[in-house]
1. Check Val108, Val171, Val99 and return the single one that is surrounded by 20 or more Cβ atoms within 10 Å (Cβ to Cβ) and under 16 Å from Pro71 (Cβ atoms).
2. Sort out which residues of the stretch 13-64 are of a type in the set (Asp, Glu) and more than 19 Å from Ile127 (Cβ to Cβ), and write them in order of number.
3. Just to be sure I understand, how many residues within the stretch 147-164 are at pLDDT 95 or above and surrounded by 17 or more Cβ atoms within 10 Å (Cβ to Cβ)?
4. Please list, ordered by first then second residue, the pairs with beta carbon atoms under 6 Å, 6 or more apart or interchain, first in the stretch 38-67 and closer than 19 Å to Ser188 by Cβ, second surrounded by 14 or more Cβ atoms within 10 Å (Cβ to Cβ) and not hydrophobic (A, V, I, L, M, F, W, C).
5. Could you list all residues from the stretch 31-52 that are crowded, with 16+ Cβ neighbours inside 10 Å and in a helix (DSSP H, G or I)?
6. Residue under question is Phe136, and the condition is that it be surrounded by fewer than 17 Cβ atoms within 10 Å (Cβ to Cβ) and among the hydrophobic types (A, V, I, L, M, F, W, C); does it hold?
7. Which ones in the stretch 70-81 are at pLDDT below 95 and among the aliphatic types (A, V, I, L, M)?
Amino acid sequence: MISPFPVCTPQGRYTVADWLNLPEITGQRVELIDGSFVVSPLPLSDHQLCASRLSTTLAAAAPEAFEVVGPCGLRTATEVPVPDILVGDADALLAETTVLLPQQTLLVAEIVGRESRRRDYHDKPRIYAAAGIPTFLRVELVGANPPYVEVLSLRDGAYVSVAHVDAGQLVKLADPFPVEFDPARLLSRRFR
């Protein structure tokens, strides 16, 4: 069996170039964080359902200059995180790109999973803030009143929590475009 990853690197850490040279892998997400490849299996169904509904909600509100995708690589100088959802420049996303650059990205969203909790609360906010991504949404599927959404806004190079919205309340975003939604709709039964 052929290993999809280089066994060792001359400098001891993987680079963005190493990540870009990986073969396409189905059923796994490969991220480059802190010089290491982080491989995640497909998420559980509640995670996938939440991501799909949040993507649909954002896409319905997005102006035509933006597209909503997920998961999609976000290329920084030294790392390639893969957010669950990314709102970016439509022209760049329609150009069959492998990754988006920070200046082409307006919002990222992470649905916190059991295996990704540390990355979603520590590593990824650090990476996204350093890259200058203006808005970061973090969705929790467990807790007192799940799902709930935390809205983080970039201020002076760091994220500041500007809203914590429980199920049954309304998330109200102004940036990158106006959109409102109840987090409960991200995991409830569909209504026809």
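1. Testing whether each residue is surrounded by 20 or more Cβ atoms within 10 Å (Cβ to Cβ) and under 16 Å from Pro71 (Cβ atoms) leaves just Val108.
2. Glu24, Asp46, Glu64
3. 6
4. Pairs found: Pro43/Gly113; His47/Gly113; Ala51/Gly70; Ala51/Asp84; Ser55/Gly70.
5. Residues satisfying the conditions are Asp46, His47, Leu49, Cys50, Ala51.
6. In short, no.
7. Ala77 - this is the single residue of the stretch 70-81 that is at pLDDT below 95 and among the aliphatic types (A, V, I, L, M).
The values are calculated or read from the model by the stated rules, or taken from the named source; none is laboratory data. Fair warning: this is a prediction, and the values are worked out from it, not measured in the lab. Using ideal geometry, Cβ is built from the backbone for each residue, glycine included, and neighbour counts are taken over all protein chains shown.
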